[in-house]
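The values are calculated or read from the model by the stated rules, or taken from the named source; none is laboratory data. Fair warning: this is a prediction, and the values are worked out from it, not measured in the lab. Neighbour counts run over all protein chains shown; Cβ positions are idealised from the backbone, glycine included. Keep in mind that these areas ignore ligands, DNA and RNA; they rest on the heavy atoms of the full protein, side chains included. Shrake-Rupley method; radii C 1.70, N 1.55, O 1.52, S 1.80 Å.
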Amino acid sequence: MQANKINFLQFLQGVKQFIIPIYQRTYSWRNKECKKLWDDILSVAQNDGIPTHFLGSIVYASKSVYQVSSFTQLLVIDGQQRLTTLFLLLAALGQAFKKQGNKLEWDKICEYYLFNKFEHYDNHYKLLLTQNDKKTLISLLEESEEPEEISPRLKENYQLFRKWIDESPVSLETLSRGISKLIIIDIALEQYDNPQLIFESLNSTGVDLSQADLIRNYILMGLDNEEQTKLYENYWYPMEQSFGQAQNADRFNRFMRDFLTLHHGNIPNIEEVYATFKAYHQNKAHTPMEQVVAEIYQYSRYFTRMVLAREKDVDHKNSFENIKILEVNVVYPFLLEVYADYEQKRLSRADFVAILKLIESYVFRRMISGLYATGLNKVFATLAKEIDKEHYLESVQANLLQRSGSARFPRDQEFQTAFVVKDIYNFLRRHYLLSANSISTMALST
């Protein structure tokens, strides 16, 4: 690994292209990150006593290690957010010079920093993002028609920079001087370096990256380009879309925690999902990565049907909605396995519906009886391993009904006694009680 301090604008010069690999998260900087960068640049721009401003590091590997190219192509391992944001700022500054009639400065920004003038197609752009980000950035740079699926963060931040430049108290030349003071640490990886280990050391706390980001990078980073593309396009990208991409990374984190709970029987802390997944994968070291990802993708489909209202079957959908209203998320590891068994014809539709109703009844009766979620995490983390799948429904019924103490299934008498004195007005799940779909659950005899 080679690390050097270098002026950021000098770093961009020359015929080269920075490529964001498909395993990297999409652009995600918000207003506050852009404002911090903007304020820093304005500050150094107006202070002759500050010769430089350190921006951070940009870590990359030469793509020529994997693929021969006619010019330098660099795979960005870390630093893509600040790199992309500075491209947006440079593009906005160039447009401001163009609007002012200063063609020389506009041409200089384009030819030195944004484009490879004599290259064509994708090679024309110095920064190549991934998926919708790629099309959106190109449309902003070219001032062309927006793609149908635009990346809102890119557009919003570009427009912010245009606005801030127009309203800036300093001249465009002064702003350019501020940008010219930016310094980065240029970290070039050698062929024998392990990008994943370096990536983890730079993001060891996971503060800037979600657990979903870390897992995706862990899975894809170590594969060759062809395998990366295959797994990302066939499994990971559709899964990201189903969860809502970066805006709903917490949903993916929840799913992965439930997936890992199902396989381990222990519930990992939500902040330790990535570490738990690594341990899970290392125990499956001889399993092809495609098989691992395909399984995650399949279970994610079950999860989104249950949690994000994607279910087509009306009876199933009603039960999933009721369970969602009850807000007892600890049931989902068990439901993932039951759904998988139902899909694989190990469980009849009638028995599947009956199990869903049984779970509803168990959870709701406990709430009315004042038991709430006490001990339920352990119940549902291991329930799938404790039942006899040759007698699926009967085994689930027996398992729940034989539980005692804080994990018990309230019988009719206990439930009825608690129900008539329950302060329903202040009961947090009263909307479940009033829904038509819950009536059969309340009346379910045990």
Quiz item: Taking region 204-231 as the region of interest, how many residues are surrounded by fewer than 16 Cβ atoms within 10 Å (Cβ to Cβ) and modelled with pLDDT under 85?
Solution: 8
Quiz item: So which residues in region 16-48 are of a type in the set (Phe, Trp, Tyr) and either touching a helix residue (DSSP H, G or I) at 6+ places or on another chain (Cβ under 6 Å) or over 30 Å from residue 238 (Cα atoms) (or both)?
Solution: 23, 27, 29, 38
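This table checks each residue for (1) of a type in the set (A, V, I, L, M, F, W, C); (2) in contact (Cβ under 8 Å) with a residue 24 or more places away in the chain; (3) in a loop (DSSP other than H, G, I, E, B); (4) surrounded by fewer than 14 Cβ atoms within 10 Å (Cβ to Cβ).
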residue	(1), (2), (3), (4)
119	no, yes, yes, no
123	no, yes, no, no
133	no, yes, no, no
136	no, no, no, no
139	no, no, no, no
145	no, no, yes, yes
154	yes, yes, no, no
157	no, yes, no, no
161	yes, yes, no, no
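Rundown of residues vs (1) crowded, with 22+ Cβ neighbours inside 10 Å; (2) of a type in the set (Phe, Trp, Tyr); (3) part of a helix (DSSP H, G or I); (4) more than 28 Å from the chain's Cα centre (by Cα), yes/no style:
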position	(1), (2), (3), (4)
306	yes, no, yes, no
309	no, no, no, no
317	no, no, yes, no
324	no, no, yes, no
335	yes, no, yes, no
341	no, no, yes, no
350	no, no, yes, yes
359	yes, no, yes, yes
362	yes, yes, yes, yes
Quiz item: Hey, among the residues in region 236-287 that are in contact with a Lys or Arg (Cβ under 7 Å, 6 or more places away or on another chain) and crowded, with 21+ Cβ neighbours inside 10 Å, which one's nearest to residue 301 (Cα to Cα)?
Solution: 243
Quiz prompt | Odd one out for residue 416 among (1) touching a Gly at 6+ places or on another chain (Cβ under 9 Å); (2) open to solvent by 70 Å² or more (accessible area, probe 1.4 Å) | solution = (1)
Quiz item: Taking residue 51 and the conditions (1) in contact with a helix residue (DSSP H, G or I) (Cβ under 9 Å, 6 or more places away or on another chain); (2) under 23 Å from residue 173 (Cβ atoms); (3) assigned to a helix (DSSP H, G or I), which numbered condition does it fall short on, given that it satisfies the others?
Solution: (3)
Quiz prompt | Complete set of residues in region 310-367 that are free of Cβ contacts under 8 Å to residues at least 12 places away in the same chain and within 22 Å of residue 382 (Cβ to Cβ) | solution = 342, 344
